[in-house]
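The values are calculated or read from the model by the stated rules, or taken from the named source; none is laboratory data. Every value quoted in this text rests on a predicted model; they were computed, and no experiment measured them. Glycine also receives a Cβ, built like all others from the backbone with ideal geometry; neighbour counts cover every protein chain displayed. The area values use the complete protein model at the heavy-atom level, side chains included, leaving out ligands, DNA and RNA. Shrake-Rupley method; radii C 1.70, N 1.55, O 1.52, S 1.80 Å.
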Amino acid sequence: MTAQEHAMWVGGEALPASRMYEVRLPYDGSVTARVAEGDAASLEAACEAAQVGAGSMAALSNAGRSDLLLRAAGLLQRDVAEFANLLTLETGKPIKEARVEAERGYQTLVASAIAARELAGEAIPIDGVPAGRGRLAITIREPLGIIGAITPFNLPLNLALHKVGPALAGGNAVIHKPSERTPLTAIRLAQLLHEAGAPAGAYNVVTGSGGEVGQKLVTDARVRMITFTGSAAVGKLIRASAGLKRVTLELGGNAGLIVDGDADLDLAVERAVPGAFLYSGQICISVQRIFVHESVVEKFTNLFLAATAKLRIGHPLDETTDIASLISEEEARRVVTWIGDAVACGATLLAGGQRTRATVTPAILANVPPSAKMSCGEVFGPVVSINAFSDLNAAIDAVNNTPYGLQAGIFTQNLERAFRAARRLHAGGVIINDIPGFRADNMPYGGVKESGVGREGPRYAIEEMTETKLICWR
């Protein structure tokens with residue numbers, strides 16, 4: 001395979017760099033592309049371009065922004081196969097998963113276009129207080145200006161669109177720093193938005209390291225908001241450095257799933273197996289901990305083991321592959337270490353956990369104690385634990401016993417127990433009769449505790465990315 005060279009995208013055109021670096025397919029280490037490596041000067045150029053782009057986007061009507069996003073959605077739908085291929089080459093995820101991500105990106109753009117048309121203020125009942133007598137008041141929503149977007153490697157297209165779509169819908173410009181490992185789809189997205197008619201400087205992509213490019217993006221006074229998806233450790237650093245600018249943080253997770261005694265076990269297994277092992281578990285709402293009622297835990301475990309055994313491990317470009325690799329051999333070694341830690345703490349390894357290069361076979365652990373890293377941290381790999389419970393309240397407490405709180409799930413046919421759990425589970429979202437990994441791209445999405453601050457989903461993100469202005473007259 002010939003490694004194609006890719007420039008950054010700034011001010012509506014390609015921006016080369018003096019340095020290039022290689023993007024490799026994680027599955028086998030082969031070089032798939034050479035990408036321009038941005039620096040402080042590249043970011044300065046992007047800030048200057050984005051100032052112009054922000055003015056152009058603010059001048060567009062809501063309908064004009066919506067039409068731009070709909071044109072982009074149509075182009076993405078046209079080019080789904082190309083984007084899916086790029087996603088696989090940079091992330092190593094199986095091609096069928098990459099295709100799903102590209103198709104979801106289309107839905108995110110459409111939802112952003114709808115949010116642009118529905119963006120509105122409100123009439124304020126100002127004469128409800130004596131000082132407001134004889135006055136009328138309304139609010140309008142205005143763009144912030146320049147939005148800085150920093151995205152991770154695991155869903156480099158759709159997670160980017162959850163930031164870029166609402167930002168453009170609200171009339172802002174965007175400077176996007178993708179993960180160093182997965183810059184290809186961001187650069188291609190910039191070209192697509194240019195083809196759709198985006199003003200120059202409306203969407204800029206600057207590659208490079210978090211320490212050099214990302215830190216300057218966070219601290220630059222011209223950038224009015226940072227929207228970040230990644231680790232809790234980096235999120236805390238961003239929030240500490242951002243000053244008075246707005247910050248939305250979508251951070252880690254340790255998703256817990258409860259399977260009650262009356263649950264539809266076939267459905268629970270059908271959903272939980274891909275929920276645990278999709279993209280080798282490298283999703284922040286991947287099912288990591290399953291708590292099963294003692295009356296059905298043996299049957300559930302046997303069904304889960306049998307379904308997992310059917311997953312096919314292979315090259316990510318093979319249409320039949322279910323499991324390919326993690327993002328790097330370093331991450332694969334770390335995951336195996338976590339499995340060993342759980343076993344050392346008293347857990348039983350029922351299946352999997354073997355490593356070949358960056359690939360780890362799907363690992364299933366039983367009876368993992370709360371002291372294991374697996375119980376309280378984010379493994380971010382193809383590993384799941386199955387623990388029995390006798391009392392629902394105890395299971396809820398176990399799910400909550402983590403620094404994270406992104407999404408949780410429960411399978412039960414008892415409505416009272418379902419909503420008791422939904423009220424008591426400390427998470428940004430609770431999914432009933434499905435896995436914590438469920439996400440529709442127009443729903444509010446975000447966490448509590450160390451899982452983040454703010455909400456995504458185009459309608460909700462656009463509120464974070466616009467300012468309320470009051471207009472009052474006598």
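Taking the residues in the stretch 284-324 that are open to solvent by 70 Å² or more (accessible area, probe 1.4 Å) and of a type in the set (Asp, Glu) as candidates, determine which candidate is nearest to the chain's Cα centre (by Cα).
Within the stretch 284-324, the match that is nearest to the chain's Cα centre (by Cα) is Glu319.
What strands (runs of 3 or more DSSP E) lie completely within the stretch 401-474 and have 2 or more residues being open to solvent by less than 10 Å² (accessible area, probe 1.4 Å) and not basic (Lys, Arg)?
407-411
If I go through the stretch 352-399 residue by residue, how many of them are surrounded by fewer than 23 Cβ atoms within 10 Å (Cβ to Cβ), assigned to a strand (DSSP E or B) and among the β-branched types (Val, Ile, Thr)?
Of the residues in the stretch 352-399, 2 are surrounded by fewer than 23 Cβ atoms within 10 Å (Cβ to Cβ), assigned to a strand (DSSP E or B) and among the β-branched types (Val, Ile, Thr).
Checking the conditions here, which among Glu195, Glu212, Glu250, Glu180 is over 19 Å from Ser42 (Cα atoms) and open to solvent by 10 Å² or more (accessible area, probe 1.4 Å)?
Residue meeting the stated conditions: Glu195.
Go through the residues of the stretch 289-301 one by one and say whether even a single one is under 30 Å from Glu90 (Cα atoms) and in a helix (DSSP H, G or I).
Checked against the condition, which is being under 30 Å from Glu90 (Cα atoms) and in a helix (DSSP H, G or I), the stretch 289-301 yields no hits at all.
Of everything in the stretch 1-25, what is in contact with a strand residue (DSSP E or B) (Cβ under 8 Å, 6 or more places away or on another chain), open to solvent by 60 Å² or more (accessible area, probe 1.4 Å) and part of a loop (DSSP other than H, G, I, E, B)? Give them in sequence order.
Those that are in contact with a strand residue (DSSP E or B) (Cβ under 8 Å, 6 or more places away or on another chain), open to solvent by 60 Å² or more (accessible area, probe 1.4 Å) and part of a loop (DSSP other than H, G, I, E, B): Met1, Pro16, Arg19.
Is there any pair with a first residue in the stretch 356-385 that is more than 22 Å from Pro94 (Cβ to Cβ) and a second that is part of a strand (DSSP E or B) and not hydrophobic (A, V, I, L, M, F, W, C) whose Cβ atoms are under 6 Å apart and which are 6 or more apart or on different chains, and what are they?
From the stretch 356-385, the pairs are Leu365/Ser385; Ala366/Thr348; Asn367/Thr348; Val368/Ser385; Met374/Ser385; Ser385/Arg289.
Residues Ala221, Ala200: which one is out of contact with any helix residue (DSSP H, G or I) (no Cβ under 9 Å at 6 or more places or on another chain), open to solvent by 10 Å² or more (accessible area, probe 1.4 Å) and within 18 Å of Glu48 (Cβ to Cβ)?
Being out of contact with any helix residue (DSSP H, G or I) (no Cβ under 9 Å at 6 or more places or on another chain), open to solvent by 10 Å² or more (accessible area, probe 1.4 Å) and within 18 Å of Glu48 (Cβ to Cβ) holds for just one of Ala221, Ala200, which is Ala221.
Condition check: open to solvent by 50 Å² or more (accessible area, probe 1.4 Å), closer than 19 Å to Val379 by Cβ and hydrophobic (A, V, I, L, M, F, W, C). Does Val335 satisfy that?
It is false that Val335 is open to solvent by 50 Å² or more (accessible area, probe 1.4 Å), closer than 19 Å to Val379 by Cβ and hydrophobic (A, V, I, L, M, F, W, C).
Applying the selection to the stretch 112-158, what residues are open to solvent by 20 Å² or more (accessible area, probe 1.4 Å) and assigned to a helix (DSSP H, G or I)?
Ile114, Arg117, Glu118, Ile126, Asp127, Gly128, Pro130, Ala131
Can you tell me which residues in the stretch 392-407 are aliphatic (A, V, I, L, M) and without any contact (Cβ under 8 Å) to a residue 24 or more places away in the chain?
Residue satisfying the conditions is Ala394 alone.
Can you name every residue in the stretch 59-89 that is free of Cβ contacts under 8 Å to residues at least 40 places away in the same chain, touching a Lys or Arg at 6+ places or on another chain (Cβ under 7 Å) and open to solvent by 10 Å² or more (accessible area, probe 1.4 Å)?
Selection gives Val80 alone.
Among the residues of the stretch 26-47 satisfying the criterion of being more than 27 Å from Tyr279 (Cβ to Cβ) and of a type in the set (D, E, K, R), which is surrounded by the most Cβ atoms within 10 Å (Cβ to Cβ)?
Asp39
For the stretch 325-337, give me each residue that is under 23 Å from the mean Cα position of the chain (by Cα), part of a helix (DSSP H, G or I) and either of a type outside the set (A, V, I, L, M) or farther than 20 Å from Arg312 by Cα (or both).
Glu329, Glu330, Glu331, Arg334 - these are the residues of the stretch 325-337 that are under 23 Å from the mean Cα position of the chain (by Cα), part of a helix (DSSP H, G or I) and either of a type outside the set (A, V, I, L, M) or farther than 20 Å from Arg312 by Cα (or both).
Taking Leu119, is it touching a residue at least 60 places away in the same chain (Cβ under 8 Å), in contact with a strand residue (DSSP E or B) (Cβ under 7 Å, 6 or more places away or on another chain) and more than 27 Å from Ile323 (Cβ to Cβ)?
Yes; evaluated as a whole, the condition is true for this residue.
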